[in-house]
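Reviewing the structure listed below.
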Amino acid sequence: SLKDDLTGRAWQSLADVLPLLAEASPDRFLDAVEASLGGDDPLLRTLFLDSEDAASFGASSPHFSLVWALENLCWSPDHLSRAASALARLADIDPDPRGPRHPRPAGSLTQVFNLSWPQTSAPLHRRLAVLDGMRRRSPKAHWSLLQAILPAPGFGIPSHRPRWRAWVHDRTDEINSAEVVAGAAEIVTRLLEYAGTDADRWTDL
């Protein structure tokens, strides 16, 4: 079973079906992901096989499917908090967060919480609450995410969508400039608060 495998090969062998498993049983899937993200050397680090040292693995990497599976779950307001927290933890352990191959967990989070085109059906107040909870669990990933979702010129990238679950409610037509401005104000407020007396964070800002 996944919990008994200390090599990561069980997770790797399931890469092709992880998005479907997540849809089939979201809570049990998230239980397994969270258990494999614990400790100082999380088992799921073994899924990142797209670094230079593992280039021989091929064009794909098992972590792609895990990210897609979590993106599926992020569409559901009921599962957004746990799925986003798992992506944040993956971003913390990503050995090559700025790597050329996608998807990367940090980039996936940016897509999910995009103020103009969020890749979740959760409304703004719910997304902000999830972000606040993320601060306690993954402060580094949370800080980077807040900066990344500030409105800026560019194009949004669609997240992976569930195949069978009716979780997707595309709110693009409902989101107006007033909501984007309100969201940006909330994010800026948090950035200023979290910067506190941290010189490195003020340098970032």
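The values are calculated or read from the model by the stated rules, or taken from the named source; none is laboratory data. Keep in mind the model is a prediction, meaning the values are calculated, not measured. Cβ placement follows ideal geometry from the backbone for every residue including glycine, while neighbour counts extend to all protein chains displayed. Heavy atoms of the whole protein, side chains included, go into the accessibility calculation; ligands, DNA and RNA do not. Shrake-Rupley method; radii C 1.70, N 1.55, O 1.52, S 1.80 Å.
Points worth noting:
- Filter pass, residue 161 being open to solvent by 20 Å² or more (accessible area, probe 1.4 Å), farther than 20 Å from residue 89 by Cα and not hydroxyl-bearing (Ser, Thr, Tyr): yes
- Whichever residue in the stretch 173-205 is closer than 15 Å to residue 128 by Cβ and of a type in the set (Ser, Thr, Tyr) and, among such residues, is most open to solvent (accessible area, probe 1.4 Å): 189
- Residue in the stretch 146-160 that is within 15 Å of the chain's Cα centre (by Cα), free of Cβ contacts under 8 Å to residues at least 60 places away in the same chain and farther than 22 Å from residue 72 by Cα present: yes
- One residue alone among 25, 76, 65, 81 is closer than 22 Å to residue 123 by Cβ, open to solvent by 10 Å² or more (accessible area, probe 1.4 Å) and at pLDDT 90 or above, and that residue is 81.
- Members of the stretch 37-53 that are buried (at least 19 other Cβ atoms within 10 Å of the Cβ), part of a helix (DSSP H, G or I) and under 16 Å from the mean Cα position of the chain (by Cα): 44, 47
- Residue 85 satisfies every condition listed in (1) closer than 26 Å to residue 24 by Cβ; (2) among the hydroxyl-bearing types (Ser, Thr, Tyr); (3) part of a loop (DSSP other than H, G, I, E, B) except (3).
- Test result for residue 89, modelled with pLDDT under 95 and of a type in the set (Lys, Arg): no
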